[in-house]
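Participant: Following this message is one structure expressed as structure tokens.
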Amino acid sequence: MDDRTELSQFLKSRRARLRPQDVGLRDYGTVRRVAGLRREELARLAGVSIAHYTRLEQGKGDSVSDEILNAVGAALRLDTDELAYLHRIARPPQPCAAAGAAPEVPASLRYLLKSLVMTPALVVGRHTQIVGWNRLAVEVFGGFPALPPGRRTLSHLLFTEPYLRELHRTGWERAAREHVAHLRVLLGRYRGDSGLEAHIGHMRALSADFARMWAEHRVARVRSSAYVLHHPVVGELTLHRELVKLPEEPSCYGLDLFAAEPGSASERALRELESAWTVRPEGVRPG
């Protein structure tokens, strides 16, 4: 994945979403040859020369100061995540510790997963690979442990597994967009990670939906969110998601937790799923 191309395309995509009236410029109603603001309009808003901004949009950001990047970000109306991403991709990559395809889950984290009997939980690597889980996560999110390790990722589950699409139903598009936007955060954070770049390239080739969403250049960290799921056994489930960032060295893990509101129908449904496990052979789930 070429850094200059990524910087250029990101800036063009953010410029294209702005209209003159969005930023206080007069629109004289003439036909505009470009979507959104022109380069010279953006440069004027940022207080930089058109030549300076043009070089930046050509992917030449090595010598650009933080002040100029902040000014361009403000003119483009970038949010916190987008501005952080701009700073990262405009700079030479920093050394990043390699992450294996199947990192070892520490024993303490395995014990924690097992103790979360009422909370579906996943341990996720920086390539979105699912490297740890508890049994309630399997009950909710399907038989992903049986997938080959190379396809046992959040990306593959969302974009290639019919079960997950049916589980989300009308909420699938939102969940998928959030995932792709977070992948771009990871791309900025772990620049130079060939495994992550290969994963994104693979998903773009594998899924037209993924490729379409990736081309939108959305950047947003996964934050607290609620999802309405449609489980084939217990029906509708409303789960609240928290992605807990774990220490990045040596494995760069994240802990994905899904909780139901105490006393709710969704909590009762999770109890039903937890109880159902005890009357079936280990690792077997319905459907």
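The values are calculated or read from the model by the stated rules, or taken from the named source; none is laboratory data. Here the structure is a predicted model, which is why all the values come from computation and not from measurement. Note: ideal-geometry Cβ built from the backbone for every residue, glycine included; neighbour counts use all protein chains shown.
Participant: Kindly indicate the residue of segment 163-215 that is of a type outside the set (Gly, Ala, Ser) and assigned to a loop (DSSP other than H, G, I, E, B) and also farthest from LEU86 (Cα to Cα) among those meeting that condition.
Facilitator: Of everything passing the filter in segment 163-215, ASP193 is farthest from LEU86 (Cα to Cα).
Participant: Among SER266, SER251, which is of a type in the set (S, T, N, Q), surrounded by 15 or more Cβ atoms within 10 Å (Cβ to Cβ), on the phi < 0 side of the Ramachandran plot and at pLDDT below 85?
Facilitator: SER251
Participant: Name the residue, out of ALA175, ALA90, ALA84, that is closer than 24 Å to ARG212 by Cβ and either among the small types (Gly, Ala, Ser) or out of contact with any His (no Cβ under 9 Å at 6 or more places or on another chain) (or both).
Facilitator: ALA175
Participant: Could you go through segment 121-136 and let me know if any residue there is in a helix (DSSP H, G or I), surrounded by 12 or more Cβ atoms within 10 Å (Cβ to Cβ) and not assigned by TED's automatic domain parsing to the domain that holds SER13.
Facilitator: Looking for residues that are in a helix (DSSP H, G or I), surrounded by 12 or more Cβ atoms within 10 Å (Cβ to Cβ) and not assigned by TED's automatic domain parsing to the domain that holds SER13, one finds at least one in segment 121-136, hence yes.
Participant: Is it fair to say SER155 is modelled with pLDDT under 95 and of a type in the set (Ser, Thr, Tyr)?
Facilitator: no
Participant: Looking at LEU76, is it in contact with a His (Cβ under 7 Å, 6 or more places away or on another chain) and either at pLDDT 90 or above or on the phi > 0 side of the Ramachandran plot (or both)?
Facilitator: No; evaluated as a whole, the condition is false for this residue.
Participant: Answer yes if at least one residue in segment 103-114 is among the aliphatic types (A, V, I, L, M) and outside any helix (DSSP H, G or I), and no otherwise.
Facilitator: Yes, some residue in segment 103-114 is among the aliphatic types (A, V, I, L, M) and outside any helix (DSSP H, G or I).
Participant: Does GLY188 satisfy the criteria of being small (Gly, Ala, Ser), in contact (Cβ under 8 Å) with a residue 24 or more places away in the chain and touching a strand residue (DSSP E or B) at 6+ places or on another chain (Cβ under 7 Å)?
Facilitator: No: the conditions fail for GLY188.
Participant: Any idea which of GLU82, GLU67, GLU104 is of a type in the set (Asp, Glu) and farther than 25 Å from LEU7 by Cα?
Facilitator: Only one candidate passes the filter, namely GLU104.
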